[in-house]
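The structure under discussion appears below in the form of structure tokens.
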Amino acid sequence: MKNLNNQKGMALLLVLAITALLTALISQLSFSTLVDLRLTETYRDSTRAYYLAKGGIQIGQMVLKDDSNSYDGNNELWAQKIINYPVGELGLINITIVPLDGKININMLVNNSGNIDAVVKDRCLRLFEILEIDDPQGHIDALIDWIDTDDTPQPAGAETEYYASQTSLGSCKNGPLDTLDELHLVAGFNNIEVKKLLPHLSVYGGKKLHLNSATAPALCALAEEINLSSAEMIVEQRKIKPFQSVEELKLLPGWDTFYWAINSFLDVKANYYRINTDASVGDGHRRASATVQKDKNSLLYFRIN
Ligand SMILES: [Ca+2]
Ligand SMILES: [Ca+2]
């Protein structure tokens, strides 16, 4: 019954959102349609797809804003993928929303005072080991040097002097990462390693991981006591029913002991989300991606192509 109510709620919300989107779309296009009468249909379709993809991000934000209960899990409205939803005669839109708080925020390796955060560093070292990345210490030291503002290298790290000596590298950023793409620029990180790491890392969020979206390796990296199969138990369990409180972990077999090792590092609510949209109108096709901070309803990152 709850699912049915959820679906009804989602349908109503979608109708409202799509109506708002179409109104905005029509007003934005009325001027350009007059001016662009002589332009090709493809260009017109592409422009419409642009506004539709952008509007989809706004719909995602509306859906997130509407969610104010005490947990965030995959049985909620925001988590339902919107696939090929028709807009107007020729338009179709896809919208997906995923939380980012289940990933480890690597910018937290260095705290606001410029010092290394030992808890986050241990977490990252464990994650790199679990993912079988060679020389975890060297990678983490290079990451710390990339982020911290000084130019004194960590024991196995790399600062401005090292980057200047390597023709294949640019300069050391000495600041937090804006996107995970920057990992490709950090000394010692190759493409295969970055690809392995991406599902488990983020550049947003706090020290607590989102229990309902964290990957098994990220959960496992939280404490030495947790092994991969115990972490995978969480991933399987939340597919059936998301956790509405961290305490529910104690109900999993064997978890009454593991629980105390990581309960303070977990949260059932998420705050940072990635919204992806994919819109097509006739021959036009555009994709947009945004990162939003839910509690402030703010847009932290936006890209459309
Ligand atoms: Ca929620
Ligand atoms: Ca530095």
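The table that follows gives values for the structure above.
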read-out: Among the residues listed as TYR51, TYR43, the single one being modelled with pLDDT under 90, surrounded by 12 or more Cβ atoms within 10 Å (Cβ to Cβ), over 17 Å from the mean Cα position of the chain (by Cα) and more than 16 Å from ligand 2 (Cβ to nearest atom); value: TYR43
read-out: Which listed residue, of THR291, THR257, is within 30 Å of ARG48 (Cα to Cα), among the β-branched types (Val, Ile, Thr) and either in a helix (DSSP H, G or I) or under 18 Å from the mean Cα position of the chain (by Cα) (or both); value: THR291
read-out: Qualifying positions in the stretch 268-285 - assigned to a strand (DSSP E or B) and surrounded by 20 or more Cβ atoms within 10 Å (Cβ to Cβ); value: TYR272, TYR273, ILE275, THR277, ASP278, ALA279, SER280, VAL281, GLY284
read-out: Subset of the stretch 163-179 that is touching a residue at least 24 places away in the same chain (Cβ under 8 Å) and not basic (Lys, Arg) - its residue that is surrounded by the fewest Cβ atoms within 10 Å (Cβ to Cβ); value: THR179
read-out: Number of the condition not met by LEU299 [criteria: (1) modelled with pLDDT of 95 or more; (2) in a strand (DSSP E or B)]; value: (1)
read-out: Breaking point among (1) in contact with a Gly (Cβ under 8 Å, 6 or more places away or on another chain); (2) free of Cβ contacts under 8 Å to residues at least 24 places away in the same chain, for ALA270; value: (2)
read-out: Where a residue in the stretch 105-134 is farther than 24 Å from ALA270 by Cα and modelled with pLDDT of 95 or more and its partner, wherever it lies, is outside any helix (DSSP H, G or I) and not basic (Lys, Arg), with Cβ under 6 Å and at least six apart; value: none
read-out: Residues located in the stretch 122-161, provided they are out of contact with any helix residue (DSSP H, G or I) (no Cβ under 9 Å at 6 or more places or on another chain) and among the aromatic types (Phe, Trp, Tyr); value: none
read-out: Members of the stretch 75-84 found to be out of contact with any Leu (no Cβ under 9 Å at 6 or more places or on another chain) and under 13 Å from TYR273 (Cβ atoms), listed by number; value: GLU76, ALA79
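The values are calculated or read from the model by the stated rules, or taken from the named source; none is laboratory data. Since the structure is predicted, the reported quantities are computational estimates derived from the model, not experimental observations. When we count neighbours, we look across all protein chains shown, and the Cβ atoms used for this are built from the backbone with ideal geometry, even at glycine.
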